[in-house]
Amino acid sequence: LLKVALVGFGTVGQSVARILCTRTSAGLALTHIANRRVERKRVDWVPADVVWTDDFERVVSSDADVVVELIGGVDPAAGWIRRALEAGKSVVTANKQVIAQCGDGLLALAGERRRHLLFEAAVAGGIPAIRGLREGLAGDRLVRVEGVLNGTCNYILTRMADAQVSFSAGLAEAQKLGYAEADPSADLDGADARAKLAILSLVGLRRRIDVEAVPLASIRAIDPIDFAYARRLGCTIRQVARAELLADERRVLAFVRPALVPLSSNLARIEGNQNVVVVEGAFGGEASFSGAGAGGGPTAVSVVSDLEAIARAGADGHAGWPAAPAADGVEREFEAPHYARFIVADRPGIIASVAEVFSRHGVNVDAVLQEPGWSKAELPFVVTLERCSSAVVNEALAEIGSFDFHVRRPVWVPILASEGGRS
Ligand SMILES: NC(=O)c1ccc[n+]([C@@H]2O[C@H](COP(=O)([O-])OP(=O)(O)OC[C@H]3O[C@@H](n4cnc5c(N)ncnc54)[C@H](OP(=O)(O)O)[C@@H]3O)[C@@H](O)[C@H]2O)c1
């Protein structure tokens, strides 16, 4: 019988306890619940022999076999995970920050101590993506991992697409539904998805990347009008987190940013606050894993599945992770066709001036699109660009942005290649 100590009795911790206390599992027994000021946390549906404590040291010195860390944040969680492993316990965590920042070191420690360190819930909450990459696709060599990894962003973007709600109205709805934090910056600006991407790179590409080196672009600039144009191009817009092993197999191209993706792609098919993880293997091609990316219930299922895996393997049956080498660096720039949207106070010659700047930067304009029915005082139009470097588009847009005809700042996003194709 595997003795389980829960550390952190919040949304996920309580859902894990519910599963452990209501579902019959021959192999698992909840023995401890730890939380600061634990008295206010007591519930009557937990068996009377479970020990409640606000002292983590009591968990470390107990006879629990597995510590489930669900307090979140880097400090003190990372130190507590280390302490638990050093004390000979296996660890299950849902903590993306800890695994993204120090997962490799903690995995090495777990390997030395022949203990398990599992973190299925840290990426895409309820979706068994880590297990899918690590075990289901172990026979392939993955070259690209990407996904829609932030449910808040996806909720807002799909509401913009389906009901033309503004960005701020979409955000307010997401907050009301409990999807978005009071401070939603980590969701909207990409830091949340970036931590998950670093974990997918570690597990899927077997490359450790410096989380901070992954460039971010916010979805805040996206407007419902962009979905109308995207649809004309056979696309929609998603916050895409992508990591791709470059041809030298040492550097990793990575970014988190809004992008146009084909309507038929696995990234586009995810609606509302769902998540998807899409991988491309050198031998097996594309595979995708989708479902609930957050929420107490789905996330707790991933945690309990990790506990079941440990129970099946037995205390000493841990399957070690080979150390992942550090990538030689994160490549920030990439080549793709691009979409650039302008909202201008109309006057003759605007398109000619925009085209001149692109041409001077060696960028070919593919098409100019204009939806009818807009006022000349606030006229949107879109320019699509043939495949070119993101760095060059950035430079050209900075120059175009200094013209005086803009009513809003211009926005550009890449048009990511259809599935199966490497951009
Ligand atoms: N919620 C989701 O849908 C979801 C999805 C995927 C992954 N996760 C991850 O799961 C973990 C837990 O998330 P959650 O949503 O359950 O968070 P939560 O509801 O805030 O729960 C955290 C719990 O840990 C306790 N805690 C925090 N710091 C502590 C400390 N230093 N010492 C003792 N207890 C402490 C909190 O106590 P107080 O009540 O005193 O604050 C709270 O009960 C996080 O790593 C999160 O990123 C969550």
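The values are calculated or read from the model by the stated rules, or taken from the named source; none is laboratory data. Nothing here was measured: the structure is a model prediction, and the numbers come from that model. Please note: Cβ atoms are built from the backbone with ideal geometry, for glycine as well, and neighbour counts cover all protein chains shown. The area values use the complete protein model at the heavy-atom level, side chains included, leaving out ligands, DNA and RNA. Shrake-Rupley method; radii C 1.70, N 1.55, O 1.52, S 1.80 Å.
Is one or more of the residues making up region 306-314 on the phi < 0 side of the Ramachandran plot and in a loop (DSSP other than H, G, I, E, B)? No, region 306-314 contains no residue that is on the phi < 0 side of the Ramachandran plot and in a loop (DSSP other than H, G, I, E, B).
Looking only at residues of region 310-323 that are open to solvent by less than 50 Å² (accessible area, probe 1.4 Å) and at pLDDT 85 or above, we find that the one that is farthest from Val203 (Cα to Cα) is Ala311. The single condition among (1) within 30 Å of Val98 (Cβ to Cβ); (2) more than 18 Å from the chain's Cα centre (by Cα); (3) at pLDDT 95 or above; (4) not hydroxyl-bearing (Ser, Thr, Tyr) that Arg257 does not satisfy is (2). Taken together, Val276, Val330 contain a single residue that is within 16 Å of the ligand (Cβ to nearest atom) and of a type outside the set (S, T, N, Q), which is Val276. The set of residues from region 347-377 being of a type in the set (Asp, Glu) and modelled with pLDDT under 95 comprises just one member, Glu371.
Taking the criterion of being farther than 13 Å from Gln164 by Cα and surrounded by fewer than 23 Cβ atoms within 10 Å (Cβ to Cβ), the residues of region 208-230 that qualify are Arg208, Asp210, Val211, Glu212, Ala213, Pro215, Leu216, Ala217, Ser218, Arg220, Ala221.
Looking at region 75-102 only, could you name the residues that are more than 10 Å from the ligand (Cβ to nearest atom) and out of contact with any Lys or Arg (no Cβ under 8 Å at 6 or more places or on another chain)? Within region 75-102, Ala78, Gly79, Ile81, Arg82, Arg83, Ala84, Ala87, Val92, Gln101, Cys102 meet the criteria.
Scanning region 163-212 for residues that are of a type in the set (Asp, Glu) and closer than 20 Å to Gly126 by Cα returns Glu181, Asp187, Asp192.
Residue-level check: of (1) more than 16 Å from the ligand (Cβ to nearest atom); (2) touching a Gly at 6+ places or on another chain (Cβ under 6 Å); (3) closer than 29 Å to Lys176 by Cα, Ala292 misses just (1). Considering each residue of region 411-419 in turn, none proves to be under 28 Å from the mean Cα position of the chain (by Cα), closer than 22 Å to Leu233 by Cα and surrounded by fewer than 12 Cβ atoms within 10 Å (Cβ to Cβ).
Only one of the listed residues (Ala300, Ala340) is in contact (Cβ under 8 Å) with a residue 40 or more places away in the chain, outside any strand (DSSP E or B) and open to solvent by less than 10 Å² (accessible area, probe 1.4 Å). That residue is Ala300.
Of the strands (runs of 3 or more DSSP E) lying entirely inside region 221-294, those containing at least 3 residues that are of a type in the set (A, V, I, L, M) and within 22 Å of Gly125 (Cβ to Cβ) are 235-245, 252-262, 274-281. Just checking, does region 280-289 include any residue being touching a residue at least 24 places away in the same chain (Cβ under 8 Å), open to solvent by 40 Å² or more (accessible area, probe 1.4 Å) and under 30 Å from Ala5 (Cβ atoms)? Yes - at least one qualifying residue is present in region 280-289. Beta carbons closer than 6 Å, at least 6 apart along the sequence or on distinct chains, pair a first residue in region 9-31 that is closer than 22 Å to Ile71 by Cα and open to solvent by less than 30 Å² (accessible area, probe 1.4 Å) with a second that is within 14 Å of the ligand (Cβ to nearest atom) and basic (Lys, Arg) for Phe9/Lys41.
Taking residues in region 66-87 that are on the phi > 0 side of the Ramachandran plot, and partners anywhere that are outside any helix (DSSP H, G or I), the pairs with Cβ atoms closer than 9 Å and at least 6 places apart or on different chains are Gly72/Gly8; Gly72/Gly10; Gly72/Ala94; Gly72/Asn95; Gly73/Asn95. Total residues in region 343-380 satisfying the condition of being within 18 Å of Val407 (Cα to Cα), in contact with a helix residue (DSSP H, G or I) (Cβ under 7 Å, 6 or more places away or on another chain) and open to solvent by less than 20 Å² (accessible area, probe 1.4 Å): the figure is 4.
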